[in-house]
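See below for the structure under consideration.
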Amino acid sequence: MNDKIKIAYVEKPAWDVIGGGITDYNKAQAGKDNAKHLCFVLKNDRDEILGGVIGTTFWNWLYIELMWLPEDLRGQGYGGQLLELAEEKGRERGAQYAFLDTFSFQAPGFYEKYGYQEFGRLEEFPPGFTRFYLMKVL
């Protein structure tokens, strides 16, 4: 090891250096990822956002990052519509697969209903629950 190099804890993550470095490395190895965000929202008659889905497409994958609906809008088909719109946008951008993660106290059954299959899990994350990793061929 080099005696002039030290390891230090910093409060503010160095996204520009670390993130930029890994992005450049990944690009050199796997080619440009063409990452693009997507977002579909539910709005009321006052144009207020009530919930929605946020995702990113990169390489030939769609990543469903976040999806949330308030309790009073669940079970009415909005979640399925949002998921299908995100998948459709992913396909338009060349995605052949989709993946996401969800907790046992959230909605693994919902995603399975739409064709997602478990490919991994973390037990006791958080304690007493399971984190599921799901994917789907689009």
Across segment 39-76, what is the number of residues that are among the hydroxyl-bearing types (Ser, Thr, Tyr) and either open to solvent by 30 Å² or more (accessible area, probe 1.4 Å) or touching a helix residue (DSSP H, G or I) at 6+ places or on another chain (Cβ under 8 Å) (or both)?
2
Complete set of residues in segment 16-38 that are open to solvent by 80 Å² or more (accessible area, probe 1.4 Å) and within 19 Å of ALA98 (Cα to Cα)
LYS32, ASN34, LYS36, HIS37
Which of the residues that make up segment 105-133 are open to solvent by less than 50 Å² (accessible area, probe 1.4 Å) and part of a loop (DSSP other than H, G, I, E, B)?
ALA107, GLY115, TYR116, PRO126
Among the residues of segment 42-53, is any touching a Pro at 6+ places or on another chain (Cβ under 7 Å) and either touching a residue at least 60 places away in the same chain (Cβ under 8 Å) or of a type in the set (A, V, I, L, M, F, W, C) (or both)?
yes
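The values are calculated or read from the model by the stated rules, or taken from the named source; none is laboratory data. Predicted model, so just to flag it, every value in this text is computed and none were measured. Quick reminder, even Gly has a Cβ in these numbers, built from the backbone with ideal geometry, and neighbours come from all protein chains shown. These accessible areas exclude ligands, DNA and RNA; they are computed on the full protein's heavy atoms, side chains included. Shrake-Rupley method; radii C 1.70, N 1.55, O 1.52, S 1.80 Å.
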